[in-house]
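The values are calculated or read from the model by the stated rules, or taken from the named source; none is laboratory data. Because the structure is a prediction, the values reported are computed rather than measured. Note that we place each Cβ from the backbone using ideal geometry, even for glycine, and neighbour counts take in every protein chain shown.
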C-alpha cells in the first residue's frame, strides 16, 4: 500500500477515530473525498527490530532510604548487564524530580550515591532526565488561570507562566508551597546533574505543550520529550476511543517500514511515546517475562518499535493491604499523611517479597539478552542518545531550494488528492517537513523572490510554532488573488517567522489569519496559496481560494484534552526519518 493511499484511507474514517477534549467526540467538517483505488495486497516484509528503552523514576524524597535503595539497585543492574552483554548496549534513563535531586545532593557527603550517579552517567550506563509528575504535591501544582484569557495570546501567556513556575521554583517537600527565591523542578535537576536527556511529567493536558517547550528553550536544550502517553494518566482516562486514536497517530508517524510509530517530531522536539496503540504500552519489569513476551508477540512487526520498560518500581515497597489498599506507592501515602510521611514497618513490604520482585525484573532482562535479542536480528536496548543520533531533521540547517520545490510539488499533489484537509507533512525523498516547516520555508522563499526577483539557492529551516489559535472557519472560497499579492503577504510575514529571539509570546508563530490583497484567508488557505505561487513562478498568475481546513488528518485523530482552538502544536507534527539505526 502506498503511503498516500494509507493516508487517504485513514481520512475516510476520521469521524470514527477523532478524540477530543472533555471526553466528547466531535465530527470535523465534511471532507471532499477523492476516489481511492482499492489497496493492492502485498506480501509481508521481514520482521522489524524491537528496541527496548529502560527507565526508572526515582521520585520519593520523603522515603529517601527506599529511594536510595532503588537507585543503587538500578545502577548495579545496568552495570552488570553492560559487563555481561555489551553488544546489547544496555543503558537506563533515570528520571528524578527537582526535590529528589535536592535530597540526593544533601546526602552525597555521607553516602556518595550522587557521585556514583554522575560517574555512571559519564560512563554511558545511564542518562539523567526529569519527571515532575510526583513533585510536591499533587494538590499544589501551578495551573494556568484561563478564566479571563479570551485570545490565543492570552491563553499562551497563562499557560507559559504556570509552566515557568513549575519548571523553575522550589517546592516545600511536604506541602508543595513554592519559593521563587530557590530553584526547583527542571532547573534544580539540571543544576545538580547538568544537561538533561528527557523531561516529562510537566503537562497536565494532552494535545499540545508548546508553552512548556518555549520555556525550556530559554536555555539551549537537546532533549527528548514525551509523545503520546498511555491512557492511564488523568487527562487520557477521560477520552473515549483513546487506543484507536493512539494507533492512528502511530501509523501517520511511520509511513515507511523503517520508521518507529513511537517516535516523531512535534514543536521541533523529538518525541517518544508510551504507546502507539494496542498492544504497545509501558511494561513494568517486575511483572515478569510473560507480560513482556505477550506484548511483544502481539506487535505489528512490519515497523520497528520502541518499548519502554520500567525498572525499580516503588509499588513493590508498599504492602498491598496497607491503609485499606488506598495507596500504590509510599510517596502517595506521604503526601496524604504529612505528619507520618515516612513509611514505617506497618506499611513496608516484607524483604523477601521485595527481593522476589527484583528477581522477576532480572529474569526479564535475562530473557531479553539471552533469548529475544539473539533470535530477533537488530533488536537491542536503545538510549535516547541513540535516538537523537539517528533521527534526522533539517531544522536549523540550510535546505536547498530544489528540495523545497520538490517537497512543494508533492505536497500539492497530496493535498489535491485529500481534498480539503492539508497533508500530514510534506516530504522530498526521505526529508519530512511539517505544515509549520512548509509555512516558514515557503514564506522565506517567496520573500527572497519578492525582494531579489530570483529564488534563493537555499533556505534555512527555522523552528516555528503552530498558530496560537486554531479555527474551523474556512475563510473565503472562490475568491481570486494574484500570485504577486501572495508573495507580498509572505514577505511581510517572513521576518517574524525567522526571528528566534526568546520573548514571552514568540514572533516565530504561524498566524491564524493572513491578509492577501483585499481578502483575509486562514493559515491553511494561505499555505496552499504560497505553494501554488512557488510552483507557478508567474507573479501575474491568478489563484483561487478554496475550502482548506486547519486540521490535518493526524491533527484530527491526535488524542487531545485541550480545547480545539488551542491545538496549534499539531501543525508541527512530522515523522522522524531514521538513518543507520542498527
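Highlighted here are the strands (runs of 3 or more DSSP E) found entirely within the stretch 126-229 that include at least 3 residues which are crowded, with 21+ Cβ neighbours inside 10 Å and at pLDDT 95 or above: 126-131. Do we find that residue 458 is under 30 Å from residue 265 (Cα atoms), out of contact with any strand residue (DSSP E or B) (no Cβ under 8 Å at 6 or more places or on another chain) and assigned by TED's automatic domain parsing to the domain that holds residue 564 in this structure? So residue 458 does not fit the description; no.
Inspect the stretch 348-361 for any residue being more than 15 Å from residue 66 (Cβ to Cβ), in contact (Cβ under 8 Å) with a residue 24 or more places away in the chain and crowded, with 17+ Cβ neighbours inside 10 Å and give the result as yes or no. Within the stretch 348-361 (the criterion being more than 15 Å from residue 66 (Cβ to Cβ), in contact (Cβ under 8 Å) with a residue 24 or more places away in the chain and crowded, with 17+ Cβ neighbours inside 10 Å), the answer is yes, since at least one residue qualifies. Take the conditions touching a strand residue (DSSP E or B) at 6+ places or on another chain (Cβ under 7 Å) and closer than 17 Å to residue 63 by Cα and apply them to residue 104. Does it pass? The answer is no for residue 104. From the list 459, 514, the lone residue that is surrounded by 15 or more Cβ atoms within 10 Å (Cβ to Cβ), over 19 Å from residue 569 (Cα atoms) and in contact (Cβ under 8 Å) with a residue 12 or more places away in the chain is 459.
Mind telling me which of the residues 77, 137 ends up being more than 26 Å from residue 372 (Cα to Cα) and in the same structural domain as residue 226 (by TED's automatic domain parsing)? Full working, then the answer.
Values: 77 fails: more than 26 Å from residue 372 (Cα to Cα).
Exactly one residue qualifies, and that residue is 137.
Among residues of the stretch 427-441 that are buried (at least 24 other Cβ atoms within 10 Å of the Cβ), those with a Cβ under 6 angstrom from a residue that is in a strand (DSSP E or B) and at pLDDT 95 or above, sequence gap 6+ or separate chain, pair up as 432/574; 432/575; 433/426; 434/574; 438/426; 441/459.
Scanning the stretch 112-140 for residues that are within 19 Å of residue 62 (Cα to Cα) and in contact with a strand residue (DSSP E or B) (Cβ under 9 Å, 6 or more places away or on another chain) turns up 130, 131, 132, 133, 134, 135, 136, 137, 140.
Among the residues examined, residue 568 qualifies as in the same structural domain as residue 426 (by TED's automatic domain parsing), farther than 30 Å from residue 373 by Cα and in contact (Cβ under 8 Å) with a residue 40 or more places away in the chain. Here is the figure for the stretch 230-239: residues that are touching a residue at least 40 places away in the same chain (Cβ under 8 Å) and assigned to a helix (DSSP H, G or I) total 2. Taking the criterion of being touching a helix residue (DSSP H, G or I) at 6+ places or on another chain (Cβ under 6 Å), buried (at least 23 other Cβ atoms within 10 Å of the Cβ) and assigned to a loop (DSSP other than H, G, I, E, B), the residues of the stretch 240-279 that qualify are 261, 267, 275, 276.
Looking only at the stretch 541-564, decide whether some residue is closer than 22 Å to residue 403 by Cα and surrounded by fewer than 24 Cβ atoms within 10 Å (Cβ to Cβ). Checking the stretch 541-564: not a single residue is closer than 22 Å to residue 403 by Cα and surrounded by fewer than 24 Cβ atoms within 10 Å (Cβ to Cβ).
Name the pairs: first residue in the stretch 519-542 and closer than 15 Å to residue 421 by Cβ, second residue modelled with pLDDT under 95, Cβ to Cβ under 6 Å, at least 6 apart or on different chains? Once the first residue is closer than 15 Å to residue 421 by Cβ and sits in the stretch 519-542, its partners that are modelled with pLDDT under 95 give 522/475; 525/475.
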